[in-house]
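Novice: Got a structure here, written out as structure tokens. Questions coming.
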Amino acid sequence: MLTQRLILTGDEAQDKQLIQQAAAIIRAGGLVAFPTETVYGLGADALNPEAVRRIFLVKGRPAWDPLIVHVDTPEGIFRYTHAERALVEPLIRAFMPGPLTLVLPKREMISDIVTAGRDTVAIRIPLHPVARALIRYSQTPIAAPSANKFGRPSPTTADHVLDDLNGEIEAVLDAGQTPMGVESTILDMTTQPPTLLRPGGVPKEAIEAVIGTLRSLGQPIAEGEALPAPGLSARHYAPSARVLLCAPTPEAFYGTLVDALSQYGFVGAMRPKGWRVPQSPRLQVFEWGAWGDWETLAQRLFLGLRALEQAPTHAIVCPLPPEEGLARAVRDRLLRASQPPKS
Ligand code: AMP
Ligand code: MG
């Protein structure tokens, strides 16, 4: 199969035509990768079980790991879930459209393939204008996980999508780099209080300011333990190189790089602005952004991991962000990326 790259240039009429072309593919049961404000998604008609089944096939995603359904209006949330209005309306008002996904009891038309057999469905309203137009022109909700091979760093450019999925999907809508760079926050609304399943684009603190204290799942669990929620297996978002985390100080970063260079052939550095690195022809440096500028560091996280892996490197050294605000999402992805592969 030839994967079409549909390049959006900002020319309104022309972009509209390309998005309508992509919508026709979705309606015909095909797969289209598209930009959202978080990362690129791999979309299919959420009401077409055969189309959704293909998402799992091309990603190599296990059938027990459910997908997020994307709709373009709050009414869409009520159409496909049994949501209690009083419970979800404050969240809709505060954060939607945007990078917040709610897990809610599903209605019948959402198939078991989308939800991995659960009676709940994860649903959100993306903010990216291209994602919204695609849903609107498709006239159907779009089921979409991130558009990468299972377990790999999420794609934040159309090139990343093609690196993983070229020849296996019908098209990718190319609108350049995604603005946030980390996935949506996932909130399970079926527990009291709601449970934070995955930190993401909307900080936990911002949600708590609206609906009060959340339950947390805590640190990623070890491989093989029973999963409290699907898709939370420890190793995820991982490049082929080992990810070595260090304390977030320039001294610890420098020292960890020196150690890594003594143990690994080629080493990569996710370098915060101005932090010192050792001189070595075996060191590849990715200029990540200013430490503390979490918007930039989140946006460039997967870009850096993928660039250093292609350099190529055997190990990537990265400082670990703190557990607060948007930094919590970056920290979560790095903790998972640093888990050693199962032997
Ligand atoms: P991805 O879009 O690739 O980040 O994957 C979507 C993630 O949403 C999955 O890995 C799950 O963790 C989560 N998810 C989807 N549906 C449900 C559900 N019904 N209950 C809990 N988590 C879910
Ligand atoms: Mg994913």
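The values are calculated or read from the model by the stated rules, or taken from the named source; none is laboratory data. Here the structure is a predicted model, which is why all the values come from computation and not from measurement. Cβ: placed from backbone, ideal geometry, glycine included. Neighbour counts: every protein chain shown. These area figures cover heavy atoms from the full protein model, side chains too; ligands, DNA and RNA do not enter into them. Shrake-Rupley method; radii C 1.70, N 1.55, O 1.52, S 1.80 Å.
Novice: Can you name every residue in segment 5-61 that is within 16 Å of ligand 2 (Cβ to nearest atom), of a type in the set (A, V, I, L, M, F, W, C) and more than 13 Å from Ala131 (Cβ to Cβ)?
Specialist: Leu31, Ala44, Val52, Ile55, Phe56, Leu57, Val58
Novice: Of the residues in segment 172-185, how many are of a type outside the set (Gly, Ala, Ser), in a loop (DSSP other than H, G, I, E, B) and over 20 Å from Arg124 (Cβ atoms)?
Specialist: Step one: filter segment 172-185 for residues of a type outside the set (Gly, Ala, Ser), giving 172-174, 177-180, 182-183, 185.
If we keep only those that are in a loop (DSSP other than H, G, I, E, B) too, we end up with 177-180, 182-183.
Filter once more, keeping what is over 20 Å from Arg124 (Cβ atoms): 177.
Within segment 172-185, residues that are of a type outside the set (Gly, Ala, Ser), in a loop (DSSP other than H, G, I, E, B) and over 20 Å from Arg124 (Cβ atoms) number 1.
Novice: Looking at (1) under 15 Å from the mean Cα position of the chain (by Cα); (2) surrounded by fewer than 17 Cβ atoms within 10 Å (Cβ to Cβ); (3) small (Gly, Ala, Ser), which one does Gly265 not meet, given that it meets all the others?
Specialist: Unmet for Gly265, out of (1) under 15 Å from the mean Cα position of the chain (by Cα); (2) surrounded by fewer than 17 Cβ atoms within 10 Å (Cβ to Cβ); (3) small (Gly, Ala, Ser): (1).
Novice: Okay, moving on. Residue by residue through segment 187-212, note down the ones that are within 24 Å of Leu335 (Cα to Cα) and open to solvent by 60 Å² or more (accessible area, probe 1.4 Å). Step through it out loud before you land on a result.
Specialist: The initial filter retains those residues of segment 187-212 that are within 24 Å of Leu335 (Cα to Cα), namely 187-188, 194-208.
Correct list: Glu205 only.
Novice: Do the conditions hold for Ile169, that is, is it of a type outside the set (Asp, Glu), open to solvent by less than 20 Å² (accessible area, probe 1.4 Å) and either within 11 Å of ligand 1 (Cβ to nearest atom) or not in a strand (DSSP E or B) (or both)?
Specialist: Numbers: of a type outside the set (Asp, Glu): yes; open to solvent by less than 20 Å² (accessible area, probe 1.4 Å): yes; either within 11 Å of ligand 1 (Cβ to nearest atom) or not in a strand (DSSP E or B) (or both): yes.
Here the answer is yes, as Ile169 does meet what is asked.
Novice: Right, something else. Which residue pairs have Cβ atoms closer than 6 Å, lie 6 or more positions apart in sequence or on different chains, and pair a first residue in segment 56-71 that is touching a residue at least 60 places away in the same chain (Cβ under 8 Å) and under 19 Å from Leu165 (Cα atoms) with a second residue that is assigned to a helix (DSSP H, G or I) and away from ligand 2 (no atom under 14 Å from the Cβ)?
Specialist: From residues that are touching a residue at least 60 places away in the same chain (Cβ under 8 Å) and under 19 Å from Leu165 (Cα atoms), the pairs are Leu67/Val114.
Novice: Step by step: first the residues of segment 83-125, then only those that are under 18 Å from Pro203 (Cβ atoms) and of a type outside the set (A, V, I, L, M), then the one that is surrounded by the fewest Cβ atoms within 10 Å (Cβ to Cβ). Which residue is that?
Specialist: Arg93
Novice: Continuing with the same structure: Here is a list of conditions, (1) of a type in the set (S, T, N, Q); (2) within 16 Å of ligand 2 (Cβ to nearest atom); (3) open to solvent by 30 Å² or more (accessible area, probe 1.4 Å), and Thr157 meets all of them except one; can you say which number that is?
Specialist: Against the list (1) of a type in the set (S, T, N, Q); (2) within 16 Å of ligand 2 (Cβ to nearest atom); (3) open to solvent by 30 Å² or more (accessible area, probe 1.4 Å), Thr157 comes up short only on (3).
Novice: Okay, next question. Out of everything in segment 236-249 that is in contact with a strand residue (DSSP E or B) (Cβ under 8 Å, 6 or more places away or on another chain) and open to solvent by 40 Å² or more (accessible area, probe 1.4 Å), what residue ends up being farthest from ligand 1 (Cβ to nearest atom)?
Specialist: To start, the set of residues in segment 236-249 that are in contact with a strand residue (DSSP E or B) (Cβ under 8 Å, 6 or more places away or on another chain) comprises 239, 241-249.
Narrowing further to those that are open to solvent by 40 Å² or more (accessible area, probe 1.4 Å): 242, 245, 247-249.
Working: Arg242: 22, Leu245: 21, Ala247: 28, Pro248: 25, Thr249: 31 Å.
Step by step, filter segment 236-249, then rank; the result is Thr249.
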